[in-house]
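Novice: Quick one: this structure, given as C-alpha cells, is what I'll be asking you about.
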Amino acid sequence: MAVDITWLGHAGFVLDIDDYRVLIDPFITDNPLAPVALEDLDADFILLSHGHGDHVRDTPALARRTGAEVVSNVEICGWLRQQHGIEVTHGINTGGGVELAFGRVELTMAFHSSSLPDGSYGGQPNGLLIQTYSGQTIYHAGDTAPFMEMQWIGEAGIDLAMLPIGDYFTMGIEGSLRAIRLLQPRTVIPMHYNTFDLIVQDASRWAQRVNNETDAKPIVLDPGGSYRL
Ligand code: NI
Ligand code: MN
C-alpha cells in the first residue's frame with residue numbers, strides 16, 4: 001500500500017497510511033503558509049516532535065474535535081491530558097516506541113529544546129521514526145541539529161526523511177546535507193523553512209546540492225503539495 005504525504009507548511013505533514021490519517025506537528029493557526037483551514041483538517045492520529053507552539057499549538061483543538069490519538073513524549077501527553085482534557089494519548093520517551101493501527105512510532109533523539117506554550121516543562125525534544133505495517137520507513141527529524149547518531153537511525157533503512165533546512169532555530173542547508181549523508185534516506189523532503197522571515201531558504205538550491213552531494217532524491221513540495229511513497 002502506498003503512503004501519501006502532504007506538506008502543511010512548516011514541520012506539518014499529513015500522512016495517509018492505508019485508511020488512517022496521521023498528522024505530524026500540525027501548525028495551522030498563525031502559519032502564513034498553511035494550505036488548509038484548521039476546521040477542514042481530519043485526523044486519526046497526531047504525532048508531536050516537541051512542545052514548541054509552532055508544533056503543538058493546534059493539537060488541543062484538533063484532538064478534541066477529531067478524537068485523534070496523540071503520540072508524543074510523556075510530558076507533552078501529560079500536559080494535553082491535564083490542561084486540555086485530551087483522553088487518548090501515548091506518552092512514550094526517547095528510544096521507546098508504540099504499535100498503533102497503521103504501524104510503529106518510535107521517538108528518536110533530537111538536539112533542540114521543548115518548553116510548552118504556557119511555559120510548562122515539555123521534556124526532551126524528539127524526532128519520529130514511523131514504520132508502517134506495509135513496509136515503509138519514514139523519519140521526521142523534528143527541530144534539530146545534525147548528530148552522529150543519525151547513522152544509527154539510518155540503519156532502519158529510511159525510505160523518506162523530512163529534515164529542517166531553515167537555519168536559525170534548526171539545522172540549515174549545510175547541516176541537512178551532513179544529516180543526509182548519515183541517514184542515507186532514499187528520498188528527502190525539506191521542512192521548517194520560509195514560514196517566517198528568519199528561516200527563509202532557497203529550496204531549489206538545496207535540492208541541487210542534495211542531488212550533487214548525496215545519494216538521496218530531493219523532493220521539494222509546495223504547501224498543500226503531495227508525494228506518494
Ligand atoms: Ni522548536
Ligand atoms: Mn519549530
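The values are calculated or read from the model by the stated rules, or taken from the named source; none is laboratory data. Keep in mind that what you see is a predicted model, and the values were worked out from it rather than measured. Please note: Cβ atoms are built from the backbone with ideal geometry, for glycine as well, and neighbour counts cover all protein chains shown. These area figures cover heavy atoms from the full protein model, side chains too; ligands, DNA and RNA do not enter into them. Shrake-Rupley method; radii C 1.70, N 1.55, O 1.52, S 1.80 Å.
Novice: Between residues in the range 165-176 that are more than 16 Å from Ser204 (Cα to Cα) and residues that are crowded, with 24+ Cβ neighbours inside 10 Å and among the β-branched types (Val, Ile, Thr), which pairs lie under 7 Å by C-beta distance while being six or more apart or on different chains?
Specialist: Thr170/Thr144; Met171/Thr144
Novice: Mind listing whichever residues of the range 164-182 are within 16 Å of Pro125 (Cβ to Cβ), out of contact with any Leu (no Cβ under 7 Å at 6 or more places or on another chain) and assigned to a helix (DSSP H, G or I)?
Specialist: Gly175
Novice: Does Leu129 qualify as being among the aliphatic types (A, V, I, L, M), closer than 21 Å to Thr29 by Cβ and either more than 16 Å from ligand 1 (Cβ to nearest atom) or assigned to a loop (DSSP other than H, G, I, E, B) (or both)?
Specialist: No: the conditions fail for Leu129.
Novice: Also, I was wondering about something else. So which pairs qualify, if the first residue must be in the range 41-59 and at positive phi, the second must be of a type in the set (Asp, Glu) and more than 8 Å from ligand 1 (Cβ to nearest atom), the Cβ gap must be under 6 Å, and the two must be at least 6 apart or on different chains?
Specialist: none
Novice: Would you confirm, using the coordinates I've provided, whether Leu23 is away from ligand 2 (no atom under 15 Å from the Cβ) and within 21 Å of His112 (Cβ to Cβ)? Spell out the reasoning first.
Specialist: Details: away from ligand 2 (no atom under 15 Å from the Cβ): yes; within 21 Å of His112 (Cβ to Cβ): yes.
Judged against the criteria, Leu23 is a match.
Novice: Within the bounds of the range 41-49, is there any residue that is open to solvent by less than 10 Å² (accessible area, probe 1.4 Å), within 16 Å of ligand 2 (Cβ to nearest atom), in contact with a Ser or Thr (Cβ under 7 Å, 6 or more places away or on another chain) and in a loop (DSSP other than H, G, I, E, B)?
Specialist: Looking through the range 41-49, at least one residue is open to solvent by less than 10 Å² (accessible area, probe 1.4 Å), within 16 Å of ligand 2 (Cβ to nearest atom), in contact with a Ser or Thr (Cβ under 7 Å, 6 or more places away or on another chain) and in a loop (DSSP other than H, G, I, E, B).
Novice: Also, quick follow-up: Given the criteria in contact with a strand residue (DSSP E or B) (Cβ under 9 Å, 6 or more places away or on another chain) and within 15 Å of ligand 2 (Cβ to nearest atom), does Gly172 qualify? Break it down into steps so the answer makes sense when it comes.
Specialist: On the way: in contact with a strand residue (DSSP E or B) (Cβ under 9 Å, 6 or more places away or on another chain): yes; within 15 Å of ligand 2 (Cβ to nearest atom): yes.
Judged against the criteria, Gly172 is a match.
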